[in-house]
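J.: Supplied in structure tokens, the structure appears directly below.
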Amino acid sequence: MSKQFQAIVVGAGPAGSSAALAMARAGLDVALVERGTFPGEKNMFGGLLHRMTSIEEIFPDFWTKAPLERHIAKKGTTFMTGDASFHVQHETVNFDHTPYNGYTVFRPRFDRWLAEEAVKAGATLINRSTVEDVILKDGRVTGVTIAGRKGELKAPVVIAADGVLSFTALKAGLRQPKFSADQMAVGVKALFDMSREMIDDRFGLVRDQGFANEYVGCTGGVRGGGFLYTNYDTVSVGIVVHISSLRNSGKTPYDLLNAFLEQPQFAKLLSGGRLAEYSAHVIPEGGYTMIPELFGNGILVAGDAAALCNATGVNLEGINLASHSGILAAKTVIEAHERNDFSSKTLKRYKERLDLSWVMKDLKGFKNAPKMLHIDRIYNEYPELVCSMMEHIYRIDGTPKTSIPKLIMREVQQKIGLKNAVSDLMTAWRAL
Amino acid sequence: MNIDEIFDFTSFTIDREPHIVLKPEVCSGCDVRGCVNCCPARCYTWSEAEQKMTFVHDGCLECGTCYVVCQRNAFSRWQYPRGGFGVAYRMT
Ligand SMILES: Cc1cc2nc3c(=O)[nH]c(=O)nc-3n(C[C@H](O)[C@H](O)[C@H](O)COP(=O)(O)OP(=O)(O)OC[C@H]3O[C@@H](n4cnc5c(N)ncnc54)[C@H](O)[C@@H]3O)c2cc1C
Ligand code: SF4
Ligand code: SF4
């Protein structure tokens, strides 16, 4: 038995549900297929939902509707060694009122909400269904099959929004069969229960304010970084490491996470907290250069499936790009229905739309950021340099002080080497 | 923290059928074995004595790391669990 729809979306993550929502609102009969028992059950991330301008267009009062945790009013960066840390922080009242700049969220709640909004608009959500293959007819995609089930779901167009490994894009011949470990990172995260009052007091927060902090130097020399984000009554902490660098180090992600949690200045922040959940997931960090074919006959690729993730080193932006690309894919499918043409001739409009949008402009603009993130000294030597310089500046021990420019020169020479420092600066400049 | 405890804080609905299956001869001939140290759920164990790889799918977080790190195509199957099975996050 086969069921016919006007469009099929594979994966009810932010990309897929945004696409389904936009198509359903335009009156299309859409199937949204998800392998979890509900959307979001399989999904984890660090925890920062950056401002969702594309969803605000649909729900202008997004922040009153969506199941959000705290809004981010305060952001920090900490350079860390095994026994020292140096912290910088930014806070502004401008991020403390609507439209907020970002929020912490839980994926099992947020993804489920967005998918349910698509259902309210008329989409058919099919849970517990892992798409196994695409149906190809005369070189065009005309539907999908579900693992362990008979029958097919048919539609003139399929949107692959099935996340970073996108087997749907692979089966349709749009992504390369092999990923490079250089372009992928893995994140592991631990969630800690902590009372709301404790979080407010410890991180200096009032009302629904939230704090987001990134860490450099906390990954045992492996390329990557750490994070801490406050939810209402839990704290998300974790590390993101590049897979090739992790492989070469021989270290394990959970041992690195454990060492981070035990760093004395960090451990203080979590004391009294109780471990609640552990999770892990891969991130497409290669940026612009790893984007697969975005369209084919009867198929479009959106979100992580299309590697639309922006890891600039300052922010990790994924959900906002996923959602926006899903909506642009939806617009293209709506247009294809108007023209009754689902060939790549019409569907290539998706790529044109993306190219004109902030999504591609950002990815292009930060095309070299992954190169900077491959400077291994960032993860060890530079945090050490910063921390030891600050220690020299603050220390009072009855010896004459070194002038600050002299101190910088001496420390850079000792810890990095002048030539390396100049070359790293150049790489960083070009990247940002 | 006792790191061994961390793995008990994730929920699963375990399928009898493994969703990942290895070709043992490929792993025996592999000199990298990035899967062993990179897997966040300790699913891969290499026995030096037996020269043999053991894979247990039960605690798999479906993160995708082994799929990316293995450069030898050691999988006779690598797919997500059937609908409704596998890892079930409550919050994250
Ligand atoms: C550790 C970590 C930290 C991150 N931190 C941030 C952050 O702070 N801020 C941010 O914006 N982004 C962050 N990201 C990135 C962000 O999570 C992703 O970019 C985003 O989730 C991509 O959305 P998506 O809808 O494209 O894919 P996903 O969220 O992966 O959704 C894909 C969906 O498809 C389903 N699916 C997969 N295969 C099938 C199949 N065969 N059949 C049916 N269903 C299927 C999955 O179950 C899932 O629901 C982080 C990622 C990680 C791993
Ligand atoms: S799974 Fe791949 S990386 Fe791991 S041992 Fe086997 S061949 Fe090597
Ligand atoms: S998908 Fe992730 S958790 Fe599962 S076996 Fe592979 S590396 Fe381990």
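J.: What is the number of the single condition among (1) open to solvent by 20 Å² or more (accessible area, probe 1.4 Å); (2) on the phi > 0 side of the Ramachandran plot; (3) within 15 Å of ligand 3 (Cβ to nearest atom) that B:G86 does not meet?
T.: (1)
J.: Taking the residues in region A:289-305 that are more than 8 Å from ligand 1 (Cβ to nearest atom) and within 21 Å of A:A369 (Cα to Cα) as candidates, determine which candidate is most open to solvent (accessible area, probe 1.4 Å). Don't jump to the end; show me each part of the working.
T.: Restricting attention to region A:289-305, the residues satisfying the condition of being more than 8 Å from ligand 1 (Cβ to nearest atom) are A:289-301.
If we keep only those that are within 21 Å of A:A369 (Cα to Cα) too, we end up with A:289-292.
On the way: A:T289: 98, A:M290: 18, A:I291: 39, A:P292: 24 Å².
Applying the filter and picking the extreme gives A:T289.
J.: Looking at A:G303, A:G298, which is the one that is touching a Gly at 6+ places or on another chain (Cβ under 7 Å) and farther than 23 Å from A:L246 by Cα? Write out each step before concluding.
T.: Working: A:G298 fails: touching a Gly at 6+ places or on another chain (Cβ under 7 Å).
Just a single option satisfies the conditions, and that option is A:G303.
J.: Here is a further query. Output yes when any residue across region B:42-54 is within 16 Å of ligand 1 (Cβ to nearest atom) and modelled with pLDDT of 95 or more, and no when none is. First the steps, then the outcome.
T.: Taking region B:42-54 as the starting set, the residues that turn out to be within 16 Å of ligand 1 (Cβ to nearest atom) are none.
No, every residue in region B:42-54 fails to be within 16 Å of ligand 1 (Cβ to nearest atom) and modelled with pLDDT of 95 or more.
J.: Scan A:A280, A:A267, A:A311, A:A276 and give me the residue that is more than 8 Å from every other protein chain (Cβ to nearest Cβ), at pLDDT 95 or above and open to solvent by less than 50 Å² (accessible area, probe 1.4 Å). First the steps, then the outcome.
T.: Details: A:A280 fails: more than 8 Å from every other protein chain (Cβ to nearest Cβ); A:A311 fails: at pLDDT 95 or above; A:A276 fails: more than 8 Å from every other protein chain (Cβ to nearest Cβ).
Every option except A:A267 fails the conditions.
J.: What's the number of the only condition in (1) out of contact with any helix residue (DSSP H, G or I) (no Cβ under 6 Å at 6 or more places or on another chain); (2) buried (at least 20 other Cβ atoms within 10 Å of the Cβ) that B:M53 fails to meet?
T.: (1)
J.: Next question, about the same structure. Count, please, the residues in region A:215-233 that happen to be surrounded by 24 or more Cβ atoms within 10 Å (Cβ to Cβ) and part of a strand (DSSP E or B).
T.: 6
J.: Something else now. List, please: which pairs have Cβ atoms under 8 Å, are six or more places apart or on different chains, and start with a residue in region A:127-142 that is open to solvent by 60 Å² or more (accessible area, probe 1.4 Å) and end with one that is within 16 Å of ligand 3 (Cβ to nearest atom) and of a type outside the set (K, R)?
T.: Within 8 Å, the pairs are A:R128/A:G36; A:E132/B:Q79.
J.: So, one more: Is it the case that some residue within region A:52-63 is outside the structural domain of A:S279 (by TED's automatic domain parsing), among the small types (G, A, S) and modelled with pLDDT of 95 or more? Full working, then the answer.
T.: We begin by selecting, within region A:52-63, every residue outside the structural domain of A:S279 (by TED's automatic domain parsing); these are A:52-63.
Okay, now just the ones that are also among the small types (G, A, S), so A:54.
Still in the list and also modelled with pLDDT of 95 or more: none.
No, region A:52-63 has no match at all.
J.: Looking only at residues that are among the aliphatic types (A, V, I, L, M) and part of a helix (DSSP H, G or I) in region A:1-41, which one is nearest to B:M91 (Cα to Cα)? Please lay out each step first, then the result.
T.: Taking region A:1-41 first, the residues among the aliphatic types (A, V, I, L, M) are A:1, A:7-10, A:12, A:15, A:19-24, A:26, A:28, A:30-33.
Filter once more, so that each one left must be part of a helix (DSSP H, G or I): A:15, A:19-24.
Numbers: A:A15: 20, A:A19: 24, A:A20: 24, A:L21: 24, A:A22: 27, A:M23: 29, A:A24: 28 Å.
Checked region A:1-41; the qualifying residue nearest to B:M91 (Cα to Cα) is A:A15.
J.: Still on this structure: Among the strands (runs of 3 or more DSSP E) confined wholly to region B:44-84, which include 2 or more residues that are closer than 18 Å to A:Q176 by Cβ and within 13 Å of ligand 2 (Cβ to nearest atom)?
T.: Values: elements: B:44-47, B:52-55, B:75-78.
Counting at least 2 such residues, we get B:75-78.
J.: Could you grab me the full set of residues in region A:175-197 that are more than 14 Å from ligand 1 (Cβ to nearest atom), open to solvent by less than 20 Å² (accessible area, probe 1.4 Å) and either more than 12 Å from chain B (Cβ to nearest Cβ) or assigned to a strand (DSSP E or B) (or both)?
T.: A:F192, A:M194
J.: Any residue in region A:100-111 that is in contact with a Leu (Cβ under 9 Å, 6 or more places away or on another chain) and closer than 24 Å to A:H337 by Cα?
T.: Among the residues of region A:100-111, not one is in contact with a Leu (Cβ under 9 Å, 6 or more places away or on another chain) and closer than 24 Å to A:H337 by Cα, which makes the answer no.
J.: Could you pull out the residue among B:R16, B:R42 that is open to solvent by 20 Å² or more (accessible area, probe 1.4 Å), out of contact with any Pro (no Cβ under 7 Å at 6 or more places or on another chain) and either within 9 Å of ligand 3 (Cβ to nearest atom) or within 7 Å of chain A (Cβ to nearest Cβ) (or both)?
T.: Every option except B:R42 fails the conditions.
J.: Please go through region A:112-133 and give me each residue that is among the β-branched types (V, I, T) and not in a loop (DSSP other than H, G, I, E, B), ordered by number.
T.: Initial filter on region A:112-133 (among the β-branched types (V, I, T)): A:119, A:124, A:126, A:130-131.
The answer is A:V119, A:T124, A:I126, A:V131.
J.: Would you point out which residue out of A:G11, A:G36, A:G16, A:G27 is surrounded by fewer than 24 Cβ atoms within 10 Å (Cβ to Cβ) and farther than 23 Å from A:Y100 by Cβ?
T.: Working: A:G11 fails: surrounded by fewer than 24 Cβ atoms within 10 Å (Cβ to Cβ); A:G36 fails: surrounded by fewer than 24 Cβ atoms within 10 Å (Cβ to Cβ); A:G16 fails: surrounded by fewer than 24 Cβ atoms within 10 Å (Cβ to Cβ).
Of A:G11, A:G36, A:G16, A:G27, the one residue that is surrounded by fewer than 24 Cβ atoms within 10 Å (Cβ to Cβ) and farther than 23 Å from A:Y100 by Cβ is A:G27.
J.: Let me ask you something else. Give the number of residues within region A:234-255 that are assigned to a helix (DSSP H, G or I) and open to solvent by 10 Å² or more (accessible area, probe 1.4 Å).
T.: Kept after step one, since they are assigned to a helix (DSSP H, G or I), are these residues of region A:234-255: A:243-249, A:253-255.
Filter again for open to solvent by 10 Å² or more (accessible area, probe 1.4 Å), leaving A:245, A:247-249, A:254-255.
The total comes to 6.
J.: If you don't mind, there's one more thing I want to ask. Being loosely packed, with under 14 Cβ neighbours inside 10 Å and within 9 Å of chain A (Cβ to nearest Cβ) is the filter here, so list the residues in region B:56-83 that pass it.
T.: Matches in region B:56-83: B:N73 only.
J.: Here's a follow-up. Quick check on my filter: what residues within region A:350-363 are assigned to a helix (DSSP H, G or I) and surrounded by fewer than 18 Cβ atoms within 10 Å (Cβ to Cβ)?
T.: Filtering region A:350-363 down to residues assigned to a helix (DSSP H, G or I) leaves A:350-356, A:358-363.
Hits for region A:350-363 are A:E352, A:D355, A:L356, A:W358, A:K361.
J.: Let me ask something additional. Take region A:141-172 and flag every residue that is more than 27 Å from A:P284 (Cα to Cα) and part of a strand (DSSP E or B).
T.: A:T142, A:E152, A:L153, A:K154
J.: Do any residues in region B:18-40 that are assigned to a helix (DSSP H, G or I) have Cβ atoms under 6 Å from those of residues that are more than 6 Å from ligand 2 (Cβ to nearest atom) and open to solvent by 40 Å² or more (accessible area, probe 1.4 Å), where the two are at least six apart or on different chains, and which pairs are they?
T.: Qualifying pairs under 6 Å: B:S28/B:Q51; B:G34/A:R247; B:V36/B:W46; B:N37/A:G250; B:C38/A:R247.
J.: Which ones in region A:307-339 are out of contact with any helix residue (DSSP H, G or I) (no Cβ under 9 Å at 6 or more places or on another chain) and without any contact (Cβ under 8 Å) to a residue 60 or more places away in the chain?
T.: Correct list: A:E338 only.
The values are calculated or read from the model by the stated rules, or taken from the named source; none is laboratory data. Because the structure is a prediction, the values reported are computed rather than measured. Glycine also receives a Cβ, built like all others from the backbone with ideal geometry; neighbour counts cover every protein chain displayed. Each accessible area value is taken on the protein alone, full model and side chains, heavy atoms only, with ligands, DNA and RNA left out. Shrake-Rupley method; radii C 1.70, N 1.55, O 1.52, S 1.80 Å.
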